[in-house]
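Input: a single structure, listed below in structure tokens.
Just so it is clear, none of the values below were taken in a lab; they were calculated from the coordinates. Predicted, not measured: the structure shown is a model, and the values here were computed from it. Cβ atoms come from the backbone with ideal geometry, glycine included; neighbour counts cover every protein chain shown.
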Amino acid sequence: MKKLLLLSLFVLTAFGMQAQSKYVMLDINHLIGTDTCTSSVVGTNNLGNQFKINRIQYYMDEIILVHDNGTADTSNVVALVDGFTTTRIMLGSFTLDSLESLRFAVGVNAAKNHLDPTTYNPQHPLAPKSPSMHWGWSAGYRFIAAEGVAGSSLTQVFEFHGLGDGNYAHLTIPTQGTLIGSDTLLITINADYGQIFKGMNLAAGPISHGETGGAAQSLHNMNNYVFSSSEGNAAMDITDNTVEFSVYPNPSNGNFKVRTNQKGQYQVIDMLGRTVDAGSLKAGVNTVNVRPEGLYVLRIQASNGHVKTTKLHIR
């Protein structure tokens, strides 16, 4: 009888320790400071520049749930977020008990960034939009489009359209989420879009489209200052910055030298999103050969999981 009782207790304990399947949802509170983000709200950045936002859109991709002592599961969802619209993103079902953090990238990953947007269903986030979120076949999608007016009389027009594989980075937000019932987990994060303009002289009416300058600064600020959890935890761990590498010569005839500070894996992806070459990298100088001529994306994933990408040009 005692053995049967112990066996029953073991079975119940074992089953109780198994992670349970939960449906996970992500809510974003759109803010300018402490106010709900609307086109009528007047904000002030850290330089004292007043501003109003009349467009704020950005992509979220590679949304990862870190749970139960570091297990990481990635949602297959890519989302186009509009800061003026209530946002609830259905991430899917995951087997987890205890959420530890949410990780995601602002932008579109290299495997999808250069595909033809007209091949998607019109309702898909990566299909053509109006106003457009696609910069062009080679450059890819606008990761963020932030537009508005600024200055003492709010008459100076500003625009920041940030893009580029080199500006694609992950950020991590520590959060536990909120359990609804027994099978639904709601994650809520806050997005203070006034922080996009940290360190920017909006009164000068800056217009910056592309991979550098104010456009790149807007993405840097998104990754470092905009997001926090509903528990008050700020974004941290910008993983893209931890991998250092260089590729030369570029353009080339297809023979590239890849110098990296970490060992890891690489993929060469063509403009249709197909992997045409893959392999391992050692810390130091490596040789990668690619054919035929054209544009490709080199994606490097270091042994610690951090990712960085660049374009390869073969002629």
Item to check | Sparse-neighbour loop sites [chymotrypsin sites (Phe, Trp or Tyr not before Pro); segment 127-217; at most 13 other C-beta within 10 Å; DSSP] | outcome: TRP137
Next on the checklist: If R₀ is 30 angstrom, what is the calculated FRET efficiency for the pair ASN201 and ASN29, using the beta carbon separation as r and rounding to 0.05?
Outcome noted: 0.60
Checklist entry - So if we plug the beta-carbon distance of ARG88 and ASN224 into 1/(1 + (r/R0)^6) with R0 = 30 Å, what FRET efficiency do we get, rounded to 0.05? => result 0.75
Checklist entry - Stretched out fully, how many nm does the piece from ASN261 to THR287 gain, at 0.36 nm a residue minus the Cα gap? => result 7.9 nm
Checklist entry - What lysines sit close enough to LYS129 to cross-link, taking a C-alpha to C-alpha distance under 22 Å and skipping anything fewer than 8 places away on the same chain? => result LYS112
Item to check | Estimated FRET transfer efficiency when R0 is 30 angstrom, pair GLU147-THR74 (beta carbons, to 0.05) | outcome: 0.45
Item to check | Neighbour net charge for LEU26 - beta-carbon separation under 14 angstrom, K R +1, D E -1 | outcome: -1
Checklist entry - Could you name the lysines in cross-link range of LYS282, using Cα to Cα under 23 Å and dropping any fewer than eight places away on the same chain? => result LYS257, LYS263, LYS308, LYS311
Checklist entry - Okay, which of segment 143-176 sit inside 14 Å, backbone N to the point 7 Å along the Cα-Cβ direction of SER39? => result 147-149
Checklist entry - Cross-link partners among lysines for LYS198, C-alpha distance below 20 Å, same-chain residues fewer than 8 apart left out? => result LYS52
Checklist entry - By how many nm would the segment from THR212 to MET236 grow when fully extended, if each residue of separation counts as 0.36 nm and the alpha-carbon distance is taken off? => result 6.4 nm
Next on the checklist: I want the antiparallel fraction of DSSP beta bridges within segment 243-314, as a percent rounded to 5.
Outcome noted: 95
